[in-house]
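Below is one structure, written out as structure tokens, with a few remarks after it.
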Amino acid sequence: MKILSTTQTREADAYTIAHEPILSIDLMERASRTFTSWFVKKFPKSTFEMVSVICGKGNNGGDGLAIARLLEERGYDVAVFILNLTDNETEDFKTNLERVRQLQDLNKVVIKEVSSVEEMPVFGGDEILIDAMLGSGLNRPITGALADILHFLNECENTVVAVDVPTGVFTDMPTVGACIEADYTFAFEFPKLAFLFPENFHYVGDFVCASIGLDQKYIASVDSPYYYITSDIVKRIYKRRDKFAHKGVFGHALLIMGSYGKMGAAILATRACLRAGVGLVTVHVPICGYEVMQTAVPEAMVSLDEDRFIFTKVYDLPKYSTIAIGCGLSTKNRTRNALCYMLKHLNRPTVLDADALNILGQSPDWFEYIPKGSILTPHPKEFERMFGKVYDNFERNELQRRKAQEFGVYIILKGANTCVATPEGVCYFNSTGNPGMGTAGSGDVLTGILAGLLSQEYDPLEACILGVYIHGLAGDIAAEVESEESLTAGDLVNYLGKAFLKLRKL
Ligand SMILES: NC(=O)C1=CN([C@@H]2O[C@H](COP(=O)(O)OP(=O)(O)OC[C@H]3O[C@@H](n4cnc5c(N)ncnc54)[C@H](O)[C@@H]3O)[C@@H](O)[C@H]2O)[C@@H](O)CC1
Ligand SMILES: Nc1ncnc2c1ncn2[C@@H]1O[C@H](COP(=O)(O)OP(=O)(O)O)[C@@H](O)[C@H]1O
Ligand SMILES: [K+]
């Protein structure tokens, strides 16, 4: 799913109105119905005494008024609070206000105007609040009376659901000024870029998005560097196996991993590589890793280093279809030199993780040796070691895109909404995964999956998108059974099969 900027969304809105054609008031109605259908399922009437909709006077407020009317039709007790802080009312706001006033005349809805925080009501414990104060029309940081009202609302214990954008959040740049702290945000058509960055979680809460019927052809024609990875992208990438396929066609991966005390990383990655469908896997480990590797992963072949404790040299690189290096590797001098030699002599996309990235961070001159199309999988700390400190996630995302372009590589910045940046400067944000995956070794599992997919001739972009999605999906299935708390990296490997099954059924 493409992610559009606010300006582009406004253009898509205008195009839809002109070419569907549809009146803008009817598009607002359609958006509000989409919100309402989700809301009634999420918050059934029986669970709340009352819904209070807090409206501004722009189109976000217009949505709020339409939602108030639609919820009343569904049998909810509804109160509307209109913030009387400006005289600028949009036409669609005015039309929807007329419509709600008719319900007020029938004593079906209560409407109250509020000009300052002192006039805000005391909300009951069972009341749910809908934030329709400001949406994508925010054009300056919120201060003054509106900021006071937002602080008041944030002090209330009530569940807050934001319409389209939480009031005060800038969708395409870092947020400054007061903001509502929503528990849920229902975004029209696309998630906004800001929703994908951790600093806004406090304001956005859990977000969902649904189409309001904007013109899909127009959206497809718009240039945007941002995508959200949904199941339909992944389904297009996933390849079913040929009936006559055999292990020879699923590739032979070489994983260079592990050092004394860190063999677990190599084991997790190797198991994940096998579970991701590789034909053959060889793990190159120091002598101290031989027995543990042979015992823990009997399906894997072992290539032994000359050194007892660390990686120093590997032979026969051309015979492998894919190489991944770095998990539990150490950054000792001889390992560093061996990595440098390999990078200079490898001539195909390689997966680089963990200590391979830490070594690159210590020797920035070596970035140019990385084969084009390789995949680097840093977590934020490793990213910082390689490319330096940043002020916020917007800046980090820009840096990630720039570095991916500069070195012609894929950079997977891991975390919630893991972001894949391509050599063309495009970003794909993942939609699967959960905080249970913040546990030792889950990154090693991703590296193994990526090596397994590359070996099966998924191209690097396909491997990145399918890899992060299936890794997160395995985490989501595992968390449902095991809980987020007790999820371990080994569980990710064990649930990978269920994730593939789920993917096939999507
Ligand atoms: N295609 C879409 O996405 C659609 C969007 N719609 C709704 O329209 C909204 C956008 O509506 P608008 O463009 O009217 O904008 P808003 O309703 O977000 O607010 C605009 C008003 O707020 C004022 N304002 C901006 N920053 C302020 C600040 N810091 N303090 C006080 N006032 C401030 C502006 O001057 C303007 O008067 C969307 O978020 C969505 O809810 C829907 O009606 C249907 C279609
Ligand atoms: N809150 C979260 N939501 C979704 N995924 C997460 C979350 N926290 C961590 N992950 C995932 O778990 C993995 C952690 O990787 P990493 O930090 O490299 O772990 P390790 O070094 O222990 O292997 C990444 O793929 C990351 O995307
Ligand atoms: K809002």
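Data for the structure
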{"quantity": "Residue among Glu398, Glu457, Glu462 that alone is charged (D, E, K, R), free of Cβ contacts under 8 Å to residues at least 12 places away in the same chain and more than 16 Å from ligand 2 (Cβ to nearest atom)", "calculated": "Glu398"}
{"quantity": "Conditions (1) in contact with a helix residue (DSSP H, G or I) (Cβ under 8 Å, 6 or more places away or on another chain); (2) under 22 Å from Leu138 (Cα atoms); number of the one not met by Arg33", "calculated": "(2)"}
{"quantity": "Helices (runs of 4 or more DSSP H) fully within segment 287-364 counting 3 or more residues that are over 25 Å from Cys464 (Cα atoms)", "calculated": "290-296, 333-345"}
{"quantity": "Test: residue in segment 225-235 that is touching a residue at least 40 places away in the same chain (Cβ under 8 Å), closer than 27 Å to Phe39 by Cβ and of a type in the set (Lys, Arg)", "calculated": "no"}
{"quantity": "Matching residues in segment 316-347 - criterion: being surrounded by 16 or more Cβ atoms within 10 Å (Cβ to Cβ) and within 19 Å of Asp459 (Cα to Cα)", "calculated": "Tyr320, Ser321, Thr322, Ile323, Ala324, Ile325, Leu346"}
{"quantity": "Sole residue being within 21 Å of Asp77 (Cβ to Cβ) and within 13 Å of ligand 3 (Cβ to nearest atom), chosen from Val169, Val163", "calculated": "Val163"}
{"quantity": "Scan of segment 239-261 for residues that are touching a Lys or Arg at 6+ places or on another chain (Cβ under 9 Å) and surrounded by 17 or more Cβ atoms within 10 Å (Cβ to Cβ), ordered by number", "calculated": "Phe250, His252, Leu254, Ser259"}
{"quantity": "Residue match in segment 407-426 (condition: in contact with an Asp or Glu (Cβ under 7 Å, 6 or more places away or on another chain), modelled with pLDDT of 95 or more, of a type in the set (S, T, N, Q) and more than 16 Å from ligand 1 (Cβ to nearest atom))", "calculated": "no"}
{"quantity": "Residue, nearest to ligand 2 (Cβ to nearest atom), within segment 424-447, restricted to residues that are part of a loop (DSSP other than H, G, I, E, B), of a type outside the set (Val, Ile, Thr) and closer than 30 Å to Asp223 by Cβ", "calculated": "Gly433"}
{"quantity": "Qualifying residue in segment 374-382 (condition: part of a helix (DSSP H, G or I), surrounded by 19 or more Cβ atoms within 10 Å (Cβ to Cβ) and at negative phi)", "calculated": "yes"}
{"quantity": "Top-ranked residue in segment 155-180 [being more than 21 Å from Ala210 (Cβ to Cβ), surrounded by 21 or more Cβ atoms within 10 Å (Cβ to Cβ) and not hydrophobic (A, V, I, L, M, F, W, C); ranked as farthest from ligand 1 (Cβ to nearest atom)]", "calculated": "Thr175"}
{"quantity": "Of all residues in segment 448-461 being in a helix (DSSP H, G or I) and in contact with a Gly (Cβ under 7 Å, 6 or more places away or on another chain), the one that is farthest from ligand 3 (Cβ to nearest atom)", "calculated": "Ser455"}
{"quantity": "Which listed residue, of Lys403, Lys389, Lys414, Lys381, is within 25 Å of the chain's Cα centre (by Cα), of a type in the set (Lys, Arg) and closer than 29 Å to Leu506 by Cα", "calculated": "Lys414"}
{"quantity": "Lys403 vs. criteria among the charged types (D, E, K, R), farther than 23 Å from Ala245 by Cβ, without any contact (Cβ under 8 Å) to a residue 60 or more places away in the chain and touching a Pro at 6+ places or on another chain (Cβ under 8 Å)", "calculated": "no"}
{"quantity": "In segment 389-423, residue surrounded by the most Cβ atoms within 10 Å (Cβ to Cβ) [restricted to those that are among the hydrophobic types (A, V, I, L, M, F, W, C) and part of a loop (DSSP other than H, G, I, E, B)]", "calculated": "Val409"}
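The values are calculated or read from the model by the stated rules, or taken from the named source; none is laboratory data. No experiment lies behind these values; they were computed from the predicted model shown. Glycine also receives a Cβ, built like all others from the backbone with ideal geometry; neighbour counts cover every protein chain displayed.
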